[in-house]
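First up is the structure itself, then whatever we jot down about it.
No lab work stands behind these numbers, since they all come straight from the coordinates. In this text the structure is predicted, and so the values were computed from the model without any measurement. When we count neighbours, we look across all protein chains shown, and the Cβ atoms used for this are built from the backbone with ideal geometry, even at glycine.
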């Protein structure tokens, strides 16, 4: 994640990452790298625990409001979670 990007915890286990000046193709490459990196992590809390993330990827349209974009992104994330851990959903 670059210094020009914005990472925000939305609540619970959901985070929002806004990528500045990034096209869909490069955003998907980054999303897949994040999924793979998190999958490689080993976390210990009395026993070894596997982490996994699912990512809903959406490019904001110029005529779209922030609220509409966030609703659409949340829907995409819902589909990624439904497909199982370690998923990147793009629409």
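Sorted fewest first by neighbouring Cβ atoms within 10 angstrom, 83, 69 come out as 83, 69. Dimensions of the stretch 6-90 from C-alpha coordinates, computed as largest minus smallest value along each principal axis and given longest first, are 49, 24, 24 Å. For the chain, the longest principal axis of the Cα atoms and the long axis of helix 66-82 meet at an angle of about 40 degrees. Between residue 64 and residue 5, the modelled label-to-label distance comes to 1.8 nm, taking each label 7 Å out from Cα in the direction of the beta carbon.
Comparing mean-square fluctuations of 22, 68, 49 from a GNM of the chain with C-alpha springs under 10 Å, the top value falls on 49.
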